Amino acid sequence: MTIYDSVQKTKREFIPQESGKASLYVCGPTVYDDAHLGHAKSALVFDLLTRVLKAEGYDVTYARNITDIDDKIINKASQSGKKIKEITDFYTDAYHEEMGKLGVTKPNIEPKATESLEAMFELIQRLLDNKHAYKTADGDVYFDTLSDSEYLKLSHRVQNEDEKLQRVESSAQKKNSADFALWKSVKDGSVTFDSPFGAGRPGWHLECSAMIEKHLAQPNKKFAVDIHGGGADLLFPHHENEAAQTRCATSHSLANYWMHNGFVNIDGEKMSKSLGNSFFLKDALKIYDGEVLRFYLLSTHYRSNFNFNEDDLLSSKKRLDKIYRVKKRLFGLSSENVKTPFKDELLKVLGDDLNVSASLALIDEMITSANETLDTSGKHKELKRDTLSNLAFTEDVLGFGVKNPYEYFQFGVNEETKAKINTLIMQRDEAKKAKDFATSDKLRDEILAFGVSLMDTAAGTFWERV
RNA sequence: GGUGCCAUCGCCAAGUGGUAAGGCCGCAGCCUGCAAAGCUGCUAUCCCCAGUUCAAAUCUGGGUGGCACCUCCA
C-alpha cells in the first residue's frame, strides 16, 4: 500500500522493516477531560489504517499511549480535590467506552506514562551521558536542541539565528529558548515522582520516545517503528522533539513513515474551550449511533480538515442506512467467505493512502447492483452469497455495517415505544387486509408521529427511526 | 512576520497530464391501494489570468479567497 509521509511530503510505498510485519505508534489522549470529536477522528483514522494493513496480510503491532502524567491532570486534581488516579482512571475508562462505541479496535499495546517511568529515566540518562541534555541549577533536565544538527528537519522549520543564539535568562536556566524539558523538578511538595534526577515530573515529549523504546523498538533496526501517527498539530513541537530524543539517545531514528490526520472543526470553527464549541463524544453518542459517527468522520480523507456539520452527518447516515437495508434484505442467510472483485477493488483504493471516498463509491455501486438484481424475481443464490461476503469484508475492513440491522434502525427508541409501534403495525396490517385504507392510513399517521418511517415489504411491515 | 496546506455540481466529496467517481438534495418514471424502501433516467469542465504540452481540474508563474502550525492541543 502507499502512505502519504507527512515529513517527506509525498506518497510512499509502504515497505516495513521486517517483511510481513508492521509496527505503528499513535499518540493517544491525555486523560484529563472528556474525549471530543477530534480524538475520535484520530483514533478512527489509525484504526482504519491497522484494519487495512491487516487485510493486506500484515501482522500489525499497534501501540497507542495514555498520557496520565500531565500538568492539566494535576491542576484538575488540585481544583476538584480528587486523587490523580481517580481522574485518570475515570477518563481512561470513558475513552475506552466511547472508542468502543465508534468501533475502534483496541491497540495491541496501550502503555501509560505512569508505567513507563523507568524507560524515561533510562532515556534521560543516556541523553545526559552523551551531552544531548543538561541539568540546570533548579534541578530540571533539558534537551539541548543545539546539540542536534537534525533538529527541526522533521517539521521543516527554520529558526532564525537571533532566536537560536538567544540565551534564556529565566529561572528555568535553559541554554536555548527552543530547548525542552525532559524532567521538571518539582519542589513544592505537590505531585512528584522520584527519579535519579530528583523529585519531579517527566516532560511530555519524553513519554512517547520512552514507550516506543520499551514496547516497540528493536535496537538493531534503522527505525524504532515503521509508522508514527497523530494529529496534525503534533508535528511540531511534539513529534519533532520525540524524534530528536530518540535520534540522540539511541542508534536509530524514530519512524520511517509519519502520518498526521487533519483537524475536526465545528461549523467552520476550530473546537476550543474558549469558543465553547467543543463537541464531546459522550454528548454526540447520546444523539447519534456510534457507527454513524464513525462513518461520517471517516467519510472525508484523513489528511483534510474536517468540518463537522449536522446536515452532512445526516446525509452520511442515509448512506450508511443503505448498507443496513441491503443487510436486512439478506438477513438470516448464512454467509461464506468467497473471493470477489469488489473485495480486491476495495482493498486497492484503501491501500492508496486510505482513499475512503473511493471505497464508499465502490460500496454504493455494489449495493445498488445487488438491490437491482434482488428486485427482479429469481433466487439469485450466487449474488446473495457474494453480497453477504462483500458486506462481511466491508465490516472487517471499514467497520461499517457491523450491527444487527433491525437494532441499528431502532437506535434510541425505548422498549415501551417499540411495543406501541408494533401493536399499531399489527392493527394496521389487519385494516390493510380488510382493504380499510382509511383506517390503515390513520394508523400509519399515528406510527409516523413516533418519528419513524414505515416500509411494507413482501416479508412484512418494518419500521425505521427517521 | 515565518512555514505550510487548500479552492471540483445547491451541499458533502474522489480524481495529480489524456478528455469530470460516489453520496445528499431536486426533477421525471417504474413499483405500491396510497406511501416508504428499492430501481431507472436527468443535473458541473473543475476560483481568476497567463504559460508549458498534441493534450491540464491535474504541471509552472501571478492574482484572489479560505485554513493550519509557529504556545498546551487529536
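The values are calculated or read from the model by the stated rules, or taken from the named source; none is laboratory data. Note that the structure is predicted; figures quoted are calculated from it, not measured. Cβ coordinates were reconstructed from backbone atoms using ideal geometry, including for glycine residues, and neighbour counts include every protein chain displayed. Ligands, DNA and RNA are excluded from the accessible area calculation, which covers all protein heavy atoms including side chains. Shrake-Rupley method; radii C 1.70, N 1.55, O 1.52, S 1.80 Å.
Values computed for the structure shown
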| item | result |
| --- | --- |
| Single match in A:Ser316, A:Ser359 (criterion: closer than 19 Å to A:Glu464 by Cβ, crowded, with 20+ Cβ neighbours inside 10 Å and among the small types (Gly, Ala, Ser)) | A:Ser316 |
| Count of region A:259-268 residues which are modelled with pLDDT of 95 or more and open to solvent by 10 Å² or more (accessible area, probe 1.4 Å) | 1 |
| Meets criteria (open to solvent by 10 Å² or more (accessible area, probe 1.4 Å) and either in contact with a Pro (Cβ under 9 Å, 6 or more places away or on another chain) or closer than 23 Å to A:Lys273 by Cα (or both)) for A:Asp59 | no |
| Any hit, region A:61-70, residues being of a type outside the set (A, V, I, L, M), outside any helix (DSSP H, G or I), more than 11 Å from RNA strand B (Cβ to nearest atom) and under 13 Å from A:Val104 (Cβ atoms) | yes |
| Filter result (of a type in the set (D, E, K, R) and within 10 Å of RNA strand B (Cβ to nearest atom)) within region A:30-60 | A:Asp33, A:Lys41 |
| Contacts under 6 angstrom Cβ, first residue in region A:421-446 being over 18 Å from A:Gly460 (Cβ atoms), partner within 12 Å of RNA strand B (Cβ to nearest atom) and open to solvent by less than 70 Å² (accessible area, probe 1.4 Å), 6 or more apart | A:Thr439/A:Ala431 |
| 2 or more residues over 26 Å from A:Leu330 (Cβ atoms) and more than 14 Å from RNA strand B (Cβ to nearest atom): qualifying helices (runs of 4 or more DSSP H) within region A:346-457 | A:415-433 |
| Matching residues, region A:244-256, being more than 20 Å from A:Phe14 (Cα to Cα) and surrounded by 19 or more Cβ atoms within 10 Å (Cβ to Cβ) | A:Ala244, A:Gln245, A:Thr246, A:Arg247, A:Cys248, A:Ala249 |
| Residue match in region A:400-408 (condition: at pLDDT below 95 and polar (S, T, N, Q)) | no |
| Qualifying residue in region A:94-103 (condition: open to solvent by less than 40 Å² (accessible area, probe 1.4 Å), assigned to a helix (DSSP H, G or I), within 26 Å of A:Gln245 (Cβ to Cβ) and at pLDDT 95 or above) | yes |
| Flag if A:Thr2 is surrounded by fewer than 22 Cβ atoms within 10 Å (Cβ to Cβ), in contact (Cβ under 8 Å) with a residue 60 or more places away in the chain and either of a type in the set (Val, Ile, Thr) or touching a Leu at 6+ places or on another chain (Cβ under 9 Å) (or both) | yes |
| Test: residue in region A:269-289 that is more than 21 Å from the chain's Cα centre (by Cα), near RNA strand B (Cβ under 9 Å from one of its atoms), open to solvent by less than 40 Å² (accessible area, probe 1.4 Å) and assigned by TED's automatic domain parsing to the domain that holds A:Leu362 | no |
| Residue within region A:389-396 that is in contact (Cβ under 8 Å) with a residue 24 or more places away in the chain, over 14 Å from A:Phe342 (Cβ atoms) and crowded, with 16+ Cβ neighbours inside 10 Å present | no |
| Restricting region A:374-388 to residues that are open to solvent by 40 Å² or more (accessible area, probe 1.4 Å) and not basic (Lys, Arg), the residue that is nearest to the chain's Cα centre (by Cα) | A:Asp386 |
| Conditions (1) within 18 Å of A:Asp396 (Cα to Cα); (2) outside any helix (DSSP H, G or I); (3) touching a residue at least 24 places away in the same chain (Cβ under 8 Å); number of the one not met by A:Leu333 | (1) |
| Complete set of residues in region A:143-163 that are touching a residue at least 40 places away in the same chain (Cβ under 8 Å) and either among the acidic types (Asp, Glu) or touching a strand residue (DSSP E or B) at 6+ places or on another chain (Cβ under 6 Å) (or both) | A:Phe143, A:Asp148, A:Glu150 |
| Residue satisfying condition, being closer than 22 Å to A:Gly200 by Cβ and open to solvent by less than 60 Å² (accessible area, probe 1.4 Å), within set A:Pro107, A:Pro29, A:Pro111 | A:Pro111 |
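Okay, residues lined up against (1) assigned to a helix (DSSP H, G or I); (2) within 7 Å of RNA strand B (Cβ to nearest atom); (3) over 18 Å from the mean Cα position of the chain (by Cα):
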site: A:Met259; (1), (2), (3): no, no, no
site: A:Arg294; (1), (2), (3): yes, no, no
site: A:Leu297; (1), (2), (3): yes, no, no
site: A:Tyr302; (1), (2), (3): no, no, no
site: A:Asp311; (1), (2), (3): yes, yes, yes
